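Trainee: After the structure tokens below, expect a handful of questions from me.
The values are calculated or read from the model by the stated rules, or taken from the named source; none is laboratory data. Source: prediction; values computed, not measured. Counting neighbours? That spans all protein chains shown, and the Cβs are built from the backbone with ideal geometry, glycine included. These area figures cover heavy atoms from the full protein model, side chains too; ligands, DNA and RNA do not enter into them. Shrake-Rupley method; radii C 1.70, N 1.55, O 1.52, S 1.80 Å.
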Amino acid sequence: MFSERDDVDSAGPAHYGIHPDAFAEERPDPRPEEAKRMGLSRHTEEGAVLYFASSLDRGKTGHRMMAWILLVTFAAPVVYILLVLL
């Protein structure tokens, strides 16, 4: 039913003029081994957060501030629930 047609050119790359190596990873994957085994990549919601958090550098002030913001963002609902239950 669905087959290749001979009169149509095959699909080329979506980004003409950009070298294919431009899309390659420039640095090693910062994800933990457990995340790699579970299949979490930066293309999934949970994996994107994990990828972002694992790429933060503790030596940079902006990255430390972002880490604290992430900690407060993810810990606040737990604290609110605990306060309601007490």
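Trainee: What length, rounded to one decimal in nm, is gained on full extension from Leu70 through to Glu33, with 0.36 nm per residue of separation minus their alpha-carbon distance?
Mentor: Working: separation 37, 0.36 × 37 = 13.32 nm, distance 2.16 nm.
Between Leu70 and Glu33, full extension yields an extra 11.2 nm.
Trainee: Ok, one more. Go through Tyr80, Tyr51 and list them by solvent-accessible area, largest first, probe radius 1.4 Å.
Mentor: Highest to lowest solvent-accessible surface, that is Tyr80, Tyr51.
Trainee: On to the next question. With every protein chain kept in the model, how would you rank Lys60, Lys36 by accessible area, 1.4 Å probe, largest at the top?
Mentor: Lys60, Lys36
Trainee: Excluding ligands and nucleic acids, what accessible area in Å² is computed for Arg64 using a 1.4 Å probe, to the nearest 10?
Mentor: Using a 1.4 Å probe on the heavy atoms, I get roughly 140 Å².
Trainee: Okay, moving on. Probe radius 1.4 Å, ligands and nucleic acids ignored: give me the carbon and sulfur share of the accessible area of the stretch 33-85 as a rounded percent.
Mentor: Within the stretch 33-85, the accessible surface is 68 percent carbon and sulfur.
Trainee: Just by accessible area at a 1.4 angstrom probe, what is the order of Glu33, Glu45 from largest to smallest? Mind showing how you got there, number by number?
Mentor: Values: Glu33 105, Glu45 155 Å².
Of Glu33, Glu45, the descending order of accessible area is Glu45, Glu33.
Trainee: Per residue, how many Å² of accessible area does the stretch 33-85 show with a 1.4 Å probe?
Mentor: 85
Trainee: Another question, if that's okay. In a shell of Cβ-Cβ distance under 13 Å around Met65, excluding Met65 itself, what net charge do Lys and Arg (+1) and Asp and Glu (-1) give?
Mentor: +2
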